Amino acid sequence: NDTIQKIAAGEVIEKPSSIVKELVENSIDAGATNIVVEIKNGGLDYIEVLDNGKGIAKDEIEIAFKRHATSKLNDFNDLYNLQSLGFRGEALASIVSVSKVIISTRTNDEKLGHKVYFEDGKKIEERPIAKNIGTSIIVKDLFYNVPVRKRFLKSKTTEANSITNLMYKLAIGNYGIGITYIKDDKLIFETKEKENLNSVLTELFGVNIVDNLLEFTLSGREYKINGYISNNKYYRANRSLQYIYINGRYIESKEIRDSIETAYKAVIPNGRYPVFQIFLSINPKHIDVNIHPNKEKVQITILEEILNSIQLKTKEILNQEFS
Ligand code: ADP
Ligand code: MG
């Protein structure tokens, strides 16, 4: 049923940034090493995600846009394994039910690619095209057929900012993959394939921030943590440069944030919000994913242990710097 489709779509696609997130995660899942994201007018008029991943074979294009079409879910336990980003087979189906979509894609086995137009969830045209291996998905006129949803969106500027914030999270979390972000015809950043974290941070934030980051690694039996914490020369009046990832996925964790901030203030009382980028690799059996697509929260069963070591490490490296 059409209405049900559109309502269900709202669960996955709350706003333009949800589309960008789903499309980029699909590109990553497809093994892309280069991804270009372009948006116009806060993503409401135009979103394009172009990748050099494995592509979709001609016969599978339409299927990919059907609900619960996923090539990824083999086992229910996969839901708890963060390694594969997509697990619901709902994103493309939802996107195509609330926007006009043009997909161009080609696999390694095909000489020509295929370009398919969708409107109102249906294929309206298909033709062969010359194309590099990989996929481009263009999403136009978001919510053109769901005016109620459109009214609930924030201003174009707010939606654009929320996409920009997401793109920073993705670029940091997936350093090593080349990610280009273009907003309203302006190049915002371009990270390169195989680039290290340090140089990605430089591209995103500028050399003056990166010069003041202290690198660290930590490992326990069931986890490994690496990252950067700022020394006292660089902190902010807000938390905008704090990033935490678990197994490659951006998360919000008040507990981890608090433990770093507390340790930081113990060493540098005048420092308010330290800048940090923390990457945790945790054995998935210790992680409980909140499976709502838009939530950035997970539960870690060995959290106490991790908080303690992060806090100790933060103090240790900051004390070293200042002794
Ligand atoms: P999920 O990611 O949960 O499997 P999606 O609706 O996001 O569901 O995508 C459906 C399917 O379409 C994927 O399982 C994958 O096979 C295919 N697909 C989507 N995007 C891409 C892409 N950029 N490159 C290759 N295949 C893709
Ligand atoms: Mg997906």
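FYI, it's all coordinate maths here, none of it is from the lab. For clarity, every value in this text was computed on a predicted model and none was experimentally measured. No Cβ is skipped: glycine too gets one built from the backbone with ideal geometry, and neighbour counts run over all protein chains shown.
Some points to look at:
- Applying 0.36 nm per residue to the separation of GLU321 and ASP45 and subtracting their alpha-carbon distance, the gain on full extension is 94.5 nm.
- Which listed pairs, of LYS115/LYS186; LYS54/LYS254; LYS265/LYS285, have C-alpha distances above 28 Å, in listed order: LYS54/LYS254; LYS265/LYS285
- Two-decimal Rg/Rh across region 237-289, once Rg and the Kirkwood Rh are taken from alpha-carbon atoms: 1.03
- Largest-first principal axis extents of the Cα set of region 207-322 (Å): 39, 30, 23
- Filter on LYS122/LYS297; LYS100/LYS192; LYS15/LYS66; LYS192/LYS313; LYS111/LYS169 - keep pairs with C-alpha separation over 28 Å: LYS122/LYS297; LYS100/LYS192; LYS192/LYS313; LYS111/LYS169
- Gained length - TYR117 relative to LYS285, 0.36 nm times residue gap less alpha-carbon distance: 56.3 nm
- Each Lys and Arg contributes +1 and each Asp and Glu -1, all at the Cβ; summed about the Cα centre of the chain, the dipole is approximately 560 debye.
- Between GLU38, GLU261, GLU305, the residue with the greatest mean-square fluctuation in the GNM of the chain (Cα pairs under 10 Å linked by springs) is GLU305.
- Taken along the Cα-to-beta-carbon direction at a fixed 7 Å, the label points for THR157 and ALA57 span 5.0 nm.
- Remark: the ASP141-GLU125 segment gains 4.0 nm on full extension, using 0.36 nm per residue and subtracting the alpha carbon distance.
- Most fluctuating residue given options ILE138, ILE209, ILE35, as computed from a GNM of the chain linking Cα atoms under 10 Å: ILE209
- Between ALA171, ALA237, ALA130, the residue with the greatest mean-square fluctuation in the GNM of the chain (Cα pairs under 10 Å linked by springs) is ALA237.
- Here the spin labels are modelled as points 7 Å beyond Cα on the Cα-Cβ line, and at SER309 and ASP184 they lie 4.5 nm apart.
- Here the label points at GLU252 and ASP109, each 7 Å from Cα along the C-beta direction, are separated by 4.3 nm in the simple model.
- Three semi-axes describe the equivalent ellipsoid of the chain; taken as square roots of 5 times the Cα gyration tensor eigenvalues and ordered largest first, they are 37, 20, 19 Å.
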